[in-house]
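Asker: Have a look at this one.
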Amino acid sequence: MLNSANNNQTDFPGNLKVLLTRSPYLAAKLKGYLEALFETQVSQGTPDNAVWKGKTLQAADSTPEDTQTILSTHGERFPLICTVEQFLTLLENSMK
Amino acid sequence: MSASQHSQRVLDFRIFKNEYWCRFPSTITKFLSADLVFAEIMGVIKGSIGSGDALGAVSLEQYLNTSSRSASTFTTESERGQCYDLYERYEKYKTEQGDIDQVDRVIALLKAIKSTPSFDDTLKQSFHELYVDGMFKATNLNYSILANQWII
């Protein structure tokens, strides 16, 4: 795991956690599991519900779209799970 | 196909084997394996950490002097000379066709990060944690683009 040199989570809205994998199959599976976990947490109203409040998961059947940029993935999408290929596309779109 | 017909196509091993390999001299290719040559080009000649510092492929001399530990597929001077010859032909044809490969993408991103402080700042501020599955399989340049932004 690599931590950002800037570890202050309050400095920038929607600090993003990213999981990269080479396998599109694994990425899709993990997103599905995470979505199930997210729904469980929200529905049960756990003490840590505030952590999930206002957050939405990246859709289980979608990966960063071809036009997605870093800024468009912020805040609302938590966490970002994608392949290295998709992550490169995300960065390239952000450069434009 | 001309460069205008499929510009910026990101080529992979399938394209390399089916479209590029047949264009190389058979006097060289008959002794080498397309998959091993492709891996050598991507992982050593273009993608090694040495090339990452200068953001370019290693020279023939650097490649010939690379330790066998770092590049264990082709270890003799003859094999490496042939492989480098194929690399140069590969780059030439790739440019003519307007294709790019994954290493080209990573190098372009690294250059953009280094030359654009605002983009560099955006990356540093955007991501809090990065988890990478299969890091040991990534080429050194792929690792550089990640570690560049998120070194502890």
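The values are calculated or read from the model by the stated rules, or taken from the named source; none is laboratory data. From a predicted model like this one, the values you see are computed outputs, not experimental measurements. We place every Cβ from the backbone using ideal geometry, glycine too, and count neighbours over all the protein chains shown. With ligands, DNA and RNA removed, areas are computed over all heavy atoms of the protein, side chains included. Shrake-Rupley method; radii C 1.70, N 1.55, O 1.52, S 1.80 Å.
Conditions (1) modelled with pLDDT of 70 or more; (2) farther than 28 Å from B:Pro117 by Cβ, marked per residue:
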{"residue": "A:Asp11", "(1), (2)": "no, no"}
{"residue": "A:Val18", "(1), (2)": "yes, no"}
{"residue": "A:Leu26", "(1), (2)": "yes, yes"}
{"residue": "A:His74", "(1), (2)": "no, no"}
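One line per residue, one yes/no per condition, for (1) open to solvent by 50 Å² or more (accessible area, probe 1.4 Å); (2) more than 14 Å from chain A (Cβ to nearest Cβ); (3) in contact with a His (Cβ under 8 Å, 6 or more places away or on another chain); (4) of a type in the set (Asp, Glu):
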residue	(1), (2), (3), (4)
B:Ala57	no, yes, no, no
B:Glu61	yes, yes, no, yes
B:Ala71	no, yes, no, no
B:Asp101	no, no, no, yes
B:Val106	no, no, no, no
B:Ser115	yes, no, no, no
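Asker: What is the residue count in region B:117-133 for residues that are open to solvent by 10 Å² or more (accessible area, probe 1.4 Å) and facing chain A (nearest Cβ under 10 Å)?
Answerer: Our first condition is that a residue be open to solvent by 10 Å² or more (accessible area, probe 1.4 Å); within region B:117-133, this holds for B:117-122, B:124-125, B:128-129, B:131-133.
Okay, now just the ones that are also facing chain A (nearest Cβ under 10 Å), so B:119, B:121-122, B:124-125, B:128-129, B:131-133.
Count: 10.
Asker: Do we have B:Ser67 as of a type in the set (Ser, Thr, Tyr), within 25 Å of B:Arg14 (Cα to Cα) and over 14 Å from the mean Cα position of the chain (by Cα) here?
Answerer: no
Rundown of residues vs (1) under 24 Å from B:Leu123 (Cβ atoms); (2) modelled with pLDDT of 80 or more; (3) within 14 Å of chain B (Cβ to nearest Cβ); (4) under 12 Å from the mean Cα position of the chain (by Cα), yes/no style:
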| residue | (1), (2), (3), (4) |
| --- | --- |
| A:Gly32 | no, yes, no, no |
| A:Ala36 | no, yes, no, no |
| A:Glu39 | no, yes, no, no |
| A:Asp61 | no, no, no, no |
| A:Arg77 | yes, no, yes, yes |
| A:Glu85 | yes, yes, yes, no |
| A:Asn93 | yes, yes, yes, no |
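Asker: Moving to a separate point now. When you look at B:Arg14, is it in a loop (DSSP other than H, G, I, E, B), of a type in the set (Lys, Arg) and either touching a residue at least 60 places away in the same chain (Cβ under 8 Å) or loosely packed, with under 13 Cβ neighbours inside 10 Å (or both), yes or no?
Answerer: Spelling it out, it is not the case that B:Arg14 is in a loop (DSSP other than H, G, I, E, B), of a type in the set (Lys, Arg) and either touching a residue at least 60 places away in the same chain (Cβ under 8 Å) or loosely packed, with under 13 Cβ neighbours inside 10 Å (or both).
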